[in-house]
Amino acid sequence: MANKTEVGEVFLQEPIQAISVVIPCKNEEDAIEVTIKDVQQALDGMHIDYEIIVVDDGSTDNTRQLALKNNARVLVHEINLGYGNAIMDGIHISRYPHIAILDADGTYPASQLPGLIKALSRYDMVVGQRMWTPDNTSMLGLLLRKALYFTILILSANRCPDFNSGFRVFHKFNMLDYRSILCSTFSFTTTMTVLFLQTHRTIHFTPIEYSRRIGRSKVSYFRDAFRTFAFVFAITSVFRPYRINLLILLASFVCNALILFSAYLFPIGGGMQVGLHLFISIPFLIISFSVDSFINSRIFHKNTFGPSNRRL
């Protein structure tokens, strides 16, 4: 059956007939039941096949028992392996070729899931774009997201309104081969967005409501922000290495030019000037080699010993 737009135009992509919903969680007993029921209610009205996979990532409360009680498939990590690993393991055991992910903390509106799924037949990924208000975010969070926005804009030359939304749908085959370079923890969705941009896949953003979470947040702004920026640079170094090298070269050129300008204005000896040039240039070389080593070692480690090779 061909797909049609609202005005009756026929196009070749088939409508989505089945989807696997992956819900990563840790200690979310206060919200997991409501989340599962909301997803079930939303998808029952679509008349498509679906499954709900709850990945219990090292919970010490009743999360897994409540998920089982509400007819979800439950994959248990006895120890916490991280948000990204939870999602990828859920994808690995999923039955259907299309995937939806959302958090179990009540922040994302499952009622808007049908709209995202319907749009997926025309895009590689559909992302729920969060509407920020003083009630659902902090000033520090907004500043870090803005810094990330401009960093990714510079590195990928792409504007995206919401890089790290945890409410999205996508095609399973676009993900499985890239586990080795995606962040295994909180920054998974950001690196996933960058990956799709760098590999020229289509992303559609749909505005959604965003609520204050139920329970206590597990996000550490500075630790997770540092990890996010590191992985953004790493993925860019794989698919757009010239951009990283050009940025490092430009930064080194500007710093060395400032040294020359200072030497022109102030009496600086030749030996001191050479020392300053070396002091500035060597760290840039170390950064360049470190980024390359980081991503190559991660690919080797994940492909050889990583969770993707576990029997689930």
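The values are calculated or read from the model by the stated rules, or taken from the named source; none is laboratory data. As the structure is a computational prediction, the values presented were derived from the model and not from experiment. Counting neighbours? That spans all protein chains shown, and the Cβs are built from the backbone with ideal geometry, glycine included.
What the table shows:
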| quantity | calculated |
| --- | --- |
| Test result for Ile244, assigned to a helix (DSSP H, G or I), in contact with a helix residue (DSSP H, G or I) (Cβ under 6 Å, 6 or more places away or on another chain), hydrophobic (A, V, I, L, M, F, W, C) and modelled with pLDDT under 70 | yes |
| Tyr50 vs. criteria aromatic (Phe, Trp, Tyr) and either farther than 17 Å from Met175 by Cβ or within 18 Å of the chain's Cα centre (by Cα) (or both) | yes |
| Count of region 149-187 residues which are more than 17 Å from Ile99 (Cα to Cα) and within 12 Å of the chain's Cα centre (by Cα) | 8 |
| Every pair of residues 6+ apart whose Cβ atoms lie under 8 Å, when the first sits in region 60-82 and is over 27 Å from Cys183 (Cα atoms) while the second is β-branched (Val, Ile, Thr) and at pLDDT 95 or above | Leu66/Ile32; Leu68/Val74; Asn70/Ile32; Asn70/Ile36; Asn71/Ile36; Asn71/Ile52 |
| Residue identified as under 20 Å from Phe173 (Cβ atoms) and in a strand (DSSP E or B) among Val74, Val127 | Val127 |
| Exclusive hit being β-branched (Val, Ile, Thr), over 21 Å from the mean Cα position of the chain (by Cα), assigned by TED's automatic domain parsing to the domain that holds His204 and in a helix (DSSP H, G or I), set Ile36, Ile117, Ile16 | Ile36 |
| Matching residues, region 139-172, being within 14 Å of Met88 (Cβ to Cβ) and aromatic (Phe, Trp, Tyr) | Phe170 |
| Every residue from region 40-71 that is in a loop (DSSP other than H, G, I, E, B) and among the hydroxyl-bearing types (Ser, Thr, Tyr) | Ser59, Thr60 |
| Selection count, region 77-98, where residues are outside any loop (DSSP other than H, G, I, E, B) and either surrounded by fewer than 14 Cβ atoms within 10 Å (Cβ to Cβ) or not acidic (Asp, Glu) (or both) | 12 |
